[in-house]
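Enquirer: Here it is, the structure, as structure tokens.
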Amino acid sequence: MRRQLTGAIAAPGMALGRARLVQPNIFHVDTTPLRSEEVEAEIEHLHMALDTARQELHELRGKLHGALAREVGDFIDAHSLLLDDQELLRGLDELVRVGHYRAGAALKLQRDRLAAVFDAMNDPYLKSRGEDIDQVIGRVMAALQQQASAEERKLASRVGEILVSDTVAPADMANYTGHGLLGVVGSAGSVYSHSAILARSFNLPMLVGVRDALSAINDDDLVLVDGEKGEVIVHPTAQDLQRYRTWQREAANEGRRLARLAHAPTKTRDGVHLRLFANAEQSSDIAQARNRGADGIGLYRSEFLFLRQRGLPGEEEQFIAYRDVLLGMGGLPVTIRTLDLGADKADAAGLVIRGEDNPALGVRGVRLSLRYPDVFSAQLRAILRAGVYGTVRILVPMVTHAGEMAAVRALVRQAREDLRRQGHELPERIDIGAMIEVPAAAIGVRSILEKSDFLAIGTNDLAQYVLAADRNNDALGDLYDPLHPALLRVLGHVISAARRAGKPVSLCGEIAGDPIYAPMLVALGLCEFSMHPSQLLRVRDKLANLDHGMLRALAPSLVRCYTRDAVEEQLREALERH
Ligand code: PEP
Ligand code: MG
């Protein structure tokens with residue numbers, strides 16, 4: 001019988017396939033105690049399973065090539081390290097030897113203990129790292145059961161399948177895509193997880209938080225994942241399948257039509273040229289940006305380098321990463337944002353201050369970087385050195401006042417002098433810009449402009465601070481509204497100030513990549529948009545249908561609107577008139 005489940009959209013698109021349930025965290029274990037004479041054999045059994053799990057990870061690592069090797073390799077390494085963790089191993093041995101637990105029961109007990117430690121953490125990033133424990137223990141558990149039954153081996157081939165699990169490790173996600181995985185349904189997980197980011201990069205529809213997925217879906221059930229509506233249909237009807245086929249046809253047509261725009265200029269119907277940049281977190285985004293004719297990288301989120309690994313990346317490692325981005329963009333400008341750790345982004349190396357009462361208003365972005373001048377200077381040195389391989393700009397996140405920009409400029413000057421003395425080749429000049437995402441910086445933008453060569457507006461954060469609505473809190477979805485008149489006024493003020501000062505201003509929040517908001521942004525005078533590369537063609541297409549002159553004329557009355565409805569109505573009327 002047809003059943004419909006709902007969840008949050010972690011990656012869009014639709015997919016039809018047979019369900020393959022992987023339940024690493026639902027452990028059915030034999031809890032009868034071992035007899036003394038069984039202990040040694042059980043220890044051996046356990047260690048064989050640990051070896052199998054290590055071997056699997058090793059093989060997975062070997063299968064990764066190119067960008068994947070770098071992006072996913074770090075996660076695999078982290079899991080391999082856990083498998084060699086002496087405390088974990090000692091604990092397991094002790095449970096079997098002293099407590100006479102069977103291997104499965106010992107694994108479950110260790111998993112529960114560690115999960116409780118991670119669960120008690122306030123920090124959302126560290127909490128999410130608790131998933132790693134589950135995934136590693138799940139892998140060993142599967143290896144234990146493999147020794148008992150060949151049944152588990154079917155997990156290896158997943159052609160035409162939809163993975164249904166609680167959470168999926170990024171390493172597994174990469175492996176499954178190589179085997180024709182079509183979509184992912186998670187009963188837990190978050191749209192901000194690394195797996196969700198990878199799913200988007202792989203164009204794999206993914207829903208998370210589908211609460212009943214593991215009880216309502218059985219192995220081999222036919223399921224339709226609808227990453228457009230946020231629905232999973234179990235046993236879809238003929239009508240559902242019809243809808244899926246219509247979507248497939250439309251998506252294919254749309255893809256072909258948009259592909260023609262890949263190297264078309266970005267201009268409005270009345271011929272005004274605008275610039276589209278890409279936001280990038282990983283190297284595959286660079287290739288996508290090039291393929292879709294981006295004018296450059298408008299936001300390179302450098303903190304992802306710090307989030308992927310346990311230790312801090314040093315100057316050399318960062319230099320190589322930045323240089324590769326610049327080389328990949330073939331001379332087009334690349335804007336590297338300095339570390340934006342803090343709030344929901346906590347590094348494993350421990351730079352971020354733990355346990356702040358209100359981390360979104362805490363020591364994050366440039367506030368954190370200025371606390372660690374050595375770490376910050378290493379990053380600035382790496383960016384300066386990479387600058388000879390292309391056109392690089394430095395973007396400073398979470399700026400609140402001009403003094404922070406002055407401090408960053410002083411550190412850049414110092415890094416430049418040190419590097420020159422050490423004989424490094426350096427670019428002639430590097431533009432340094434401020435992100436406008438704190439209301440104080442937006443309101444006092446003129447003083448920030450005096451210390452900045454360009455601005456990038458971060459509406460993801462600016463909206464949450466102007467509206468006092470947490471960007472990660474689903475319950476505030478209605479309040480977190482990019483068309484709120486107050487936000488419009490702030491955006492209008494910042495864009496006008498930059499234009500008057502003759503300095504470039506771009507917008508790199510999510511709304512830049514959503515065609516719905518393009519008319520409003522054009523009306524406010526925005527000429528540079530930066531977005532996930534997958535959105536570039538859609539936005540270019542939308543802009544080609546807009547009349548720049550007409551929208552600009554609308555600006556004064558738009559920023560005087562009192563309500564969201566009035567904003568929408570003005571835009572709708574104007575678009576209909578033309
Ligand atoms: C923003 O705040 O709009 C932004 C682009 O930065 P991030 O989403 O990385 O905080
Ligand atoms: Mg931000």
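Enquirer: Roughly speaking, what % of Cα-Cα pairs in the chain are separated by over 38 Å, rounded to a whole number?
Expert: Everything past 38 Å amounts to 36 percent.
Enquirer: Could I ask something else about it? Compute the angle between helix 402-421 and the longest alpha-carbon principal axis of the chain, please, reported from 0 to 90 degrees and rounded to the nearest 10.
Expert: 80
Enquirer: Continuing with this model, one more query. So which GluC sites (Glu not before Pro) in the range 391-472 end up in coil per DSSP with only 13 or fewer other C-beta atoms within 10 Å?
Expert: On the way: sites: E404, E417, E425, E428, E437, E450; in loops: E425, E428, E437.
Filter output for the range 391-472: E425, E428.
Enquirer: Label R577 and I516 with points 7 Å out from Cα along Cα→Cβ: what is the distance between them in nm?
Expert: Once both label points are built, they end up 2.4 nm from each other.
Enquirer: In degrees, nearest 10, range 0 to 90: what is the angle between the Cα axis of helix 39-63 and the longest Cα principal axis of the chain?
Expert: 30
Enquirer: Can I ask one more? Assuming R0 = 56 Å, can you tell me the calculated FRET efficiency for the pair S496 and R310, based on Cβ-Cβ distance, to the nearest 0.05?
Expert: Details: r = 45 Å, r/R0 = 0.80.
Between S496 and R310 the formula returns 0.80.
Enquirer: Considering only protein heavy atoms, with the full assembly of protein chains and a 1.4 angstrom probe, order M1, M405 by accessible area, largest first. All intermediate terms of the calculation are to be shown ahead of the outcome.
Expert: Numbers: M1 195, M405 0 Å².
Result, largest first: M1, M405.
Enquirer: Which percentage, to the nearest 5, of the DSSP beta bridges contained in the chain is antiparallel?
Expert: Working: 18 of 56 bridges.
The antiparallel proportion sits near 30 percent.
Enquirer: With all protein chains present and a 1.4 Å probe, how do M121, M206 order by accessible area, largest first? Walk me through the intermediate numbers first.
Expert: On the way: M121 55, M206 10 Å².
Ranked from most to least accessible, the order is M121, M206.
Enquirer: Continuing with the same structure: Using the beta-carbon distance between E38 and L258 and R0 = 60 Å, what value does 1/(1 + (r/R0)^6) give for FRET efficiency, to the nearest 0.05?
Expert: Details: r = 63 Å, r/R0 = 1.05.
Efficiency at R0 = 60 Å is approximately 0.45.
Enquirer: Follow-up. Residues with amide H under 5 Å of V392's amide H, sequence separation 5 or more or different chain, H placed in the peptide plane at 1.01 Å from N; which?
Expert: Long-range HN contacts for V392: V334.
Enquirer: Still on this structure: How many nm is it between the label spots at D84 and A468, if each spot is 7 Å from the Cα in line with the beta carbon?
Expert: Going by the 7 Å Cα→Cβ label model, 5.1 nm.
Enquirer: If you don't mind, there's one more thing I want to ask. Provide the net charge surrounding S36, with neighbours chosen by a C-beta distance below 14 Å and charges set as Lys +1, Arg +1, Asp -1, Glu -1.
Expert: Summing Lys/Arg as +1 and Asp/Glu as -1 gives -1.
Enquirer: Oh, and also: R0 = 45 Å: FRET efficiency of R18 with D478, Cβ-based, nearest 0.05? It would help to have the intermediate numbers written out before the result.
Expert: Values: r = 38 Å, r/R0 = 0.83.
Taking R0 as 45 Å, the efficiency between R18 and D478 is 0.75.
Enquirer: Follow-up. Measure nothing fancy, just the Cα-based angle from helix 485-501's long axis to the longest principal axis of the chain, in degrees from 0 to 90, nearest 10.
Expert: It works out to around 60 degrees.
Enquirer: At a 1.4 Å probe radius, carbon and sulfur cover how many percent of the accessible area of the chain?
Expert: On the way: 12820 of 25090 Å².
Result for the chain: 51 percent of the exposed heavy-atom area is carbon or sulfur.
Enquirer: Follow-up. So how do H578, H100 rank on accessible area, 1.4 Å probe, biggest first, that is with the largest at the start?
Expert: Numbers: H578 100, H100 50 Å².
Ranking H578, H100 by accessible area, largest first, yields H578, H100.
Enquirer: To the nearest 10 Å², what's V466's accessible area with a 1.4 Å probe?
Expert: Approximately 40 Å² of V466 is accessible to the 1.4 Å probe.
Enquirer: Out of the range 408-480, which trypsin sites (Lys or Arg not before Pro) are coil in DSSP terms and have no more than 16 other C-beta atoms within 10 Å? Before the final figure, lay out the partial values.
Expert: Values: sites: R409, R413, R416, R420, R421, R429, R446, K451, R471; in loops: R429, K451, R471.
Counting only loop positions with at most 16 other Cβ atoms within 10 Å, the trypsin sites (Lys or Arg not before Pro) in the range 408-480 are R429.
The values are calculated or read from the model by the stated rules, or taken from the named source; none is laboratory data. Everything numeric here is computed off the predicted structure, so don't read it as measured data. FYI the Cβ positions are ideal-geometry reconstructions off the backbone, even for glycines, and counts take in every protein chain you see. Surface areas here come from the heavy atoms of the whole protein model, side chains and all, with no ligands, DNA or RNA. Shrake-Rupley method; radii C 1.70, N 1.55, O 1.52, S 1.80 Å.
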